[in-house]
Each structure stands twice: as C-alpha cells, then as structure tokens.
1. Which one of these does residue 240 not meet: (1) surrounded by fewer than 19 Cβ atoms within 10 Å (Cβ to Cβ); (2) out of contact with any helix residue (DSSP H, G or I) (no Cβ under 9 Å at 6 or more places or on another chain); (3) touching a residue at least 12 places away in the same chain (Cβ under 8 Å)?
2. Which of the residues spanning the stretch 312-328 are surrounded by 17 or more Cβ atoms within 10 Å (Cβ to Cβ) and under 34 Å from the mean Cα position of the chain (by Cα)?
3. Looking at (1) within 29 Å of the chain's Cα centre (by Cα); (2) within 23 Å of residue 417 (Cα to Cα); (3) without any contact (Cβ under 8 Å) to a residue 12 or more places away in the chain, which is the only condition residue 299 fails?
4. Examine the stretch 354-374 for a residue that is in contact with a helix residue (DSSP H, G or I) (Cβ under 8 Å, 6 or more places away or on another chain), surrounded by fewer than 21 Cβ atoms within 10 Å (Cβ to Cβ) and closer than 17 Å to residue 283 by Cβ, and state whether such a residue exists.
5. Within the stretch 88-102, identify whether any single residue is within 25 Å of the chain's Cα centre (by Cα), in a helix (DSSP H, G or I) and at pLDDT 95 or above, and answer yes or no.
6. Just wondering, is there one or more residues in the stretch 112-121 that are assigned to a loop (DSSP other than H, G, I, E, B), in contact (Cβ under 8 Å) with a residue 40 or more places away in the chain and either surrounded by 13 or more Cβ atoms within 10 Å (Cβ to Cβ) or under 17 Å from the mean Cα position of the chain (by Cα) (or both)?
7. Tell me the residue from 333, 259 that is over 22 Å from the mean Cα position of the chain (by Cα) and within 26 Å of residue 154 (Cβ to Cβ), please.
8. Does any residue of the stretch 269-283 turn out to be assigned by TED's automatic domain parsing to the domain that holds residue 414, in contact with a strand residue (DSSP E or B) (Cβ under 7 Å, 6 or more places away or on another chain), at pLDDT below 95 and surrounded by 13 or more Cβ atoms within 10 Å (Cβ to Cβ)?
C-alpha cells in the first residue's frame, strides 16, 4: 500500500476532471424529498465506453474527486465516474426544512436506499452530458462499482451492497453507525448467518468513537461487524486507531483504501468460505445459485399459510402472518394440537413487518421458511442458523410453494420455478430425525 500511496501523491498535479451538478425533486422512493448531487467526470473518460462507478454519501468527502483522478493518472484505478449525493430534505413552500431524511435513508437496514440508487439516482446520472458533449455511461458490473460513506453514510454504504451485491461489489465504511438506531446493531448477526456474498469491504474507526452512547459504542459496533465479516469469509480490511467520530482518519487513508479496493481490477469478486458450520454443510462446492425455469408443469397452490408437519408427525409448525412468527405445537395421539409456543424465532429487517411465505421441513428436522428477510433455516430448537438469499427476480409475495428434495430445493411462483443445489435431504414419512440435543 505504501508504494501505491507514494504514486498517488506524486501524480496529484496532473489530475483533471469536470464537475456536474443536478438534483432529484420528485422521488417515488422517498416522497417529497430533494436530493442534490454532483458528478465528477475524468478527462480519461471518452464517452464511448462504460466507466467504473464510485458513489459517495453526504456529498464530496475525503477529497474523493482529486484522489480518484490521481489514482487513475498513475494507473491504480480505471476510468471512474464519481457520484456524490446528499441525503433527502423535505421543505415547505417557503424553503424551510420540514424533515431531515438522513437517518431514515442511511441508517435503515432495508433495501429502500438501494432502490433509490438503482431506479432514480443512477438513471438520472446517465442522462447527463458534459460541456464537451460526452454522455455518461456506467458499467453495470458490481466489480466496477464502489460505494463509500462516513457515520450514517458508512452503514448506508455497507447496507446497500449487502442488500444488492449485484449493484455494488466494493464498500468503504468510515466510523459507521452499526449501532441501535434503526437496527444496525443486528447487521453483524445477519452477516454470521447469511451465505457469504461477493463483496470487498473496508472498515475504519477509532477507540474514541462514541458519538452518542445512548445508541451504543461506535467502535465496538465496528469491531463486532469486522469479526462477523471475518467469520463469514469476506475479503475485508480494517483500520483501527484512537480517533473519534470525524472524517480525519478516513481522509488520511482514503487513497490507500481506494488502491486496495481496485488492486486486481477487472477481476470478478468471489464469494468466500464461511466458518458457519451449519451453513457450510448446506452449500455445495459447485453451487451455481438459483436457476430459473419457465413454464413448469402443473398448477401451483398457494402454500404460504399452510402449516407443515414434522417428519414423524409429532410436531406441527403453524405460520402466524399477522405477528410474523411461526408457532410449534405438539400433536397428541388423537391428532390434537397442544402446548403451542411461538417457537421459531426469525430475523427481520429494519422494523418492518416480517412477511412469511411457504415452509418445509428437511430430513434433519430443520424448518425452512421463506420470509421477506430471506430463506431462513431454523434448527430443531427454533433458532435461525442460516439465511439464504432468495432469487433476485422473485418477491416473497410471489413464492407460493417450497419443496425440499435430496440435494435440491425448489421455490415456485405462479409462472416460474427456481432450483438450487444444497447438501440437504428430504423427509422420510414416519421417521423421526436424529435429535440435535438442546445445545
């Protein structure tokens, strides 16, 4: 990294780019807001070939346009267009501020901000033209896209890539708010349980960072997330110092981090190997992800509200859509449900209601549940041990059936089915799975 930093420093004098400005005033994702943004277009960009993308929250921070352009000049980065967006503000007719939307947009742990970038901000950027007539084209490949932010912008950067790794493959979060504001404290737990994603991530924070102890300790939250990312097998870097909640350290290391992010471009980013033994045993070495099949045969039934019975008939799992939980009952000799408990504890994103889809038991007695927070797998004791990503093109409300066969799991909508290989077995009628104990 030191050599790259020296190259960056020595090349600053030849950096050159043009800055454009615009705003989004009629957002459908964040109604009533105004988002201003700037775009840096390097002279190296020819307007004919798609450029790589850098998105920075809270506008221009860490001298990003100059650093990026300098790294391009010394060959440490490809031609990259920078987009620097401010959080939304809602104003009255006289221009007074009615609402600051920053925490709502940035600290949330759902996919709203990713949707705003995908459907509103980046399409607008690609309609812009430089003064010398170059139109802006952005590469769609995630390995060509990086996202950055500080504080609430830091968790926003992490969450956008976490929600949509198909949109952004590289993340730099400085003094991120992975604390109890809007569920950011739960992100480390989700990272440990969710299948690893093809992301490259850098975290920065300091021991004196506790902006507001009411919500938690920023540094501890960052270290917990870093530990989870290591556990889950990510390509992750960190910088831990003694600093507080400010941009000072991120600005000092920004050029080094950028060079680290782009060190092997244009290579694709790969998914790491998780240390979650439950999840690792499910994922085969030749995992190809979900494969879609169109026009499958047979009528699809809506099983999203259907209870499912344990392989030997001794227990039954019953979805409670209103509460977003799954109950377990014991089935007595007469077939009656007794001793009911909201037994299966499920993760949810943000504080949004958890939508439940179809469920199924596998041959080991684990309950697979389609939810709006992913395909969650609970062990025999009702704890989520693994979370799998649903097919990107399938909404939870569209998934009507879930089947578990030997080695394959199938999800069905009214028009499509999706299959994926897993190291899993189907149930055997009247055979009780081997007990997992109470540990």
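1. (2)
2. Hits for the stretch 312-328 are 316, 317, 318, 319, 324, 325, 326, 327, 328.
3. Only one criterion is unmet by residue 299, namely (1).
4. Looking for residues that are in contact with a helix residue (DSSP H, G or I) (Cβ under 8 Å, 6 or more places away or on another chain), surrounded by fewer than 21 Cβ atoms within 10 Å (Cβ to Cβ) and closer than 17 Å to residue 283 by Cβ, one finds none in the stretch 354-374, hence no.
5. Applying the first criterion (within 25 Å of the chain's Cα centre (by Cα)) to the stretch 88-102 yields 88-89, 100-102.
Pick out the ones that are also in a helix (DSSP H, G or I) and you get 102.
The next check asks that each one be at pLDDT 95 or above; those that pass are 102.
Within the stretch 88-102, one or more residues are within 25 Å of the chain's Cα centre (by Cα), in a helix (DSSP H, G or I) and at pLDDT 95 or above.
6. Scanning the stretch 112-121, I find no residue that is assigned to a loop (DSSP other than H, G, I, E, B), in contact (Cβ under 8 Å) with a residue 40 or more places away in the chain and either surrounded by 13 or more Cβ atoms within 10 Å (Cβ to Cβ) or under 17 Å from the mean Cα position of the chain (by Cα) (or both), so the answer is no.
7. 259
8. No: zero hits.
The values are calculated or read from the model by the stated rules, or taken from the named source; none is laboratory data. Here the structure is a predicted model, which means the values were calculated and not measured. Counting neighbours? That spans all protein chains shown, and the Cβs are built from the backbone with ideal geometry, glycine included.
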